[in-house]
Each structure stands twice: as structure tokens, then as C-alpha cells.
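Here the structure comes first, spelled out in C-alpha cells, and everything after it is commentary.
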């Protein structure tokens, strides 16, 4: 018998009724000290548990090269082991957060009752920032007393720019705004000029906004009015809508510009109630004797009335 026949005979005797993959799986399981009938899991589960018990986080407790998929698979196969391990993971994670906050000095800063310059952290004197608290008194002092103001040349340039109507965003490119505000706090005359400039800028902004939106608003309301009405009647109805929007009420009911479409019939009715001579006639809005008998004639209705109607 040659060498190949001896090898095939040994493999057949070792696993006569199992496939090659199952045979190798059993061999690997026996090498790890586990019986072939037990479910597969992490080979180093005991080491991972010991590391978790020592206080290490999960990412450090796993062996080098291990993946979180293997961790989750092992937890599914061994629920009791998973319950204990997950409790340790949560405990270690909380301890890690506390340790990180201590290293960053968060607890030390929380315990502070006064700033470095002796100002107390009261609710009125505390500014809440993303990374901690800031003393309001120190901030005001920084803006008013510490730091340079605008030079005379810069001050003259800023005043000339404000007289020309320069916007706030353009002013930011012209000078340092911290120095600008320091000068305002230190120089009352300069502050008065800035206040006048700010109020004028606000009015200009509102005028531009009204001019831009007013035309769009007018055309939108005009499109909601019935098209068969004359143009002068439509303009009057638009005026009623704008007036009601300013008063926030119409016919003793709350009104906003967005509700114009659903209440347009009420505005048309209100217009003809206020102008009965413009209506088509009826008990509620009778024709006036001074009204023309037609749109293309100047003959008044009173000239055509006979004595029988009286």
C-alpha cells in the first residue's frame, strides 16, 4: 500500500460518516477545549469577561483583531453570559464618562461660584455658552475698558460711511466691530450718531421689504377677486382686504392675509354694501336716482322715472 492509500484510509477511519467541513470543525472545537455539540462562540470569552470585570470598556476588553459582530453572535448564543457582560459594559461606560469629565475639569468648573476676577456667578451675571459659563461683568468690562477703540481716522471714516447709508454688514468689513462697540460705549456723541444711523437703516430695510412684498401681495389679492368686476371695484376691494389685515379683524372675526381666499365673498359683499350705487340693485342695495341708467350713457335714472312710480 502506497502513501496516498494510507492517507485516504486514515481520513476515512477518522470520519467515516461526516463531511470534510464537519470533521475539521470538530477538530478545531476539540483543540479549543469545547465538545463538538456545544454552540460556537468567542474562543476568548473568559478573557473578555475578566477584562470587563477589571473596568475596561468594551473596545479595550475585546481581543486584538476581534470584531463587534463576534461579540453580538456570542451574546446571542450565551444569554446568561451576555446579561452579565452587558451590565459590566454599561457600568464601565458610565465610569469612563465620569473619568473623561474629570480630566476635562468639568466638575471643577461646575463647583466654581466666582469667576477669576471675583464676580459671583448669579443668574443675572451668568452667560451660558456651549463649553461652559461666562461672567457677564467681565464681558462688559472687556468690551468697554479693555482693548483699543477706533482711531480718529477710523472714527471719521465710520461717520462718513453712516451718513452715506452704509449697511451693517458692509460696516463689518470696514472696521473691527469690537473696537466699534467700545467706541460707542466710551463716546456718547459717537453713540448718538450710531443710534440715528441704526434707526434710519431699519426704516430703509422696512421700506424695501414693503416695496418688494407690497406689489406681490397686491397682485395675489387681485387674482382672488372675481374677474367680471370692474378694475376700480377690484382696487377698492383690495383696499378693504389690506385694511382688515392691518386691524387683524373683519366683521368682528379674526382675520389674516392668508385667509383672504376663503373670505373673499365677504369682502365683495362689504364693498357693495358700502357702495350701493355700484351694485346691480335689490332691496339691500337699491339703485340711486342719480345713478346712470347704463354704463355707456350719462342719462340718470331720475330722468326716466314717471309720475306713476311715485
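Annotations for the structure displayed:
- Applying a threshold of 7 Å to beta carbon distances and a minimum spacing of six or more residues, or different chains, the list of pairs starting in region 143-162 at a residue that is under 18 Å from residue 200 (Cα atoms) and ending at one that is outside any helix (DSSP H, G or I) reads 158/150; 158/175.
- Pairs linking a residue in region 70-96 that is assigned by TED's automatic domain parsing to the domain that holds residue 51 and closer than 10 Å to residue 58 by Cβ to a residue that is loosely packed, with under 11 Cβ neighbours inside 10 Å and modelled with pLDDT of 85 or more, with Cβ atoms under 8 Å and 6 or more positions apart or on different chains, do not occur.
- Scan of region 140-162 for residues that are assigned to a helix (DSSP H, G or I) and at pLDDT 85 or above, ordered by number: 152, 153, 154, 155, 156, 157, 158, 159, 160, 161, 162
- Within region 163-175, the residues that satisfy the criterion of being touching a residue at least 12 places away in the same chain (Cβ under 8 Å), on the phi < 0 side of the Ramachandran plot and not in a helix (DSSP H, G or I) are 167, 175.
- Failed item in (1) out of contact with any strand residue (DSSP E or B) (no Cβ under 9 Å at 6 or more places or on another chain); (2) at pLDDT 85 or above; (3) surrounded by 10 or more Cβ atoms within 10 Å (Cβ to Cβ), with residue 124 passing the rest: (3)
The rows are residues; the columns are (1) surrounded by 16 or more Cβ atoms within 10 Å (Cβ to Cβ); (2) modelled with pLDDT under 85; (3) touching a strand residue (DSSP E or B) at 6+ places or on another chain (Cβ under 9 Å); (4) on the phi > 0 side of the Ramachandran plot.
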| site | (1), (2), (3), (4) |
| --- | --- |
| 28 | no, yes, no, no |
| 33 | no, yes, no, yes |
| 38 | no, yes, no, no |
| 50 | no, no, no, no |
| 74 | yes, yes, no, no |
| 94 | no, yes, no, no |
| 99 | no, yes, no, no |
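The values are calculated or read from the model by the stated rules, or taken from the named source; none is laboratory data. What you see is a predicted model, and the numbers here were worked out from it, not measured in a lab. Neighbour counts run over all protein chains shown; Cβ positions are idealised from the backbone, glycine included.
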